[in-house]
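These notes concern the structure reproduced below.
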Amino acid sequence: MNDERAANAIDRKIGQRVRTRRLEIGMSQERLAEMLGVTFQQVQKYEKGVNRIAASRLHDISSALDMPVARFFEGMATGRAAGVAETARDYVDDVLATPEGAQLMALFAAIKSTRVRRRVVELVRALSEEAADKKV
């Protein structure tokens, strides 16, 4: 039986975007929970998409994270789709939602030299291709 109140792919994507933004601004789950008046476990459930975020709570989260509510929905499929649109932005959000992705982005942004940034991209590309070759 399909429970309409159960979290779905869009709820999970919104949760990922909450996590991405929180990490982007260096805020802990505990701090966000304190600002919202909930437990940090509740914030974890929101971020994992286990619990749906009510409209009023999303408004509070957007204020706490200094991010417009509309940005949580950017690039998503319209209508009642079973999933979420797989755009380039989705992949960026997925990567930034991990601690390693957020750290990599912060360190990469700190590199001032265009030449060095290009070399880093080349290195990551080579590592990615090597890892893909080893899976075969």
Inset, instruction - For region 17-33, just list the computed ³J(HN,Hα) in residue order, Karplus coefficients 6.51, -1.76 and 1.60, θ = phi - 60°, integers in Hz, with x standing in for Gly and Pro. - result: 5, 4, 4, 4, 5, 4, 5, 4, 9, x, 9, 7, 4, 4, 5, 4, 4
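Length gain on complete extension for the stretch Met35 to Asp66, per 0.36 nm per residue less the alpha carbon to alpha carbon distance?
Net length gain for the segment: 9.9 nm.
Within 13 Å, Cβ to Cβ, of Val124, how many net charges do the neighbouring residues add up to if Lys/Arg are +1 and Asp/Glu are -1?
Local charge sum for Val124: 0.
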Legend entry - Using a Förster distance of 22 Å, the FRET efficiency for Gln44-Asn8 (Cβ separation, nearest 0.05): 0.75
Legend entry - Label-point gap, in nm, between Asp133 and Phe73 - each point 7 angstrom along Cα→Cβ: 4.7 nm
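FYI, it's all coordinate maths here, none of it is from the lab. What you see is a predicted model, and the numbers here were worked out from it, not measured in a lab. Using ideal geometry, Cβ is built from the backbone for each residue, glycine included, and neighbour counts are taken over all protein chains shown.
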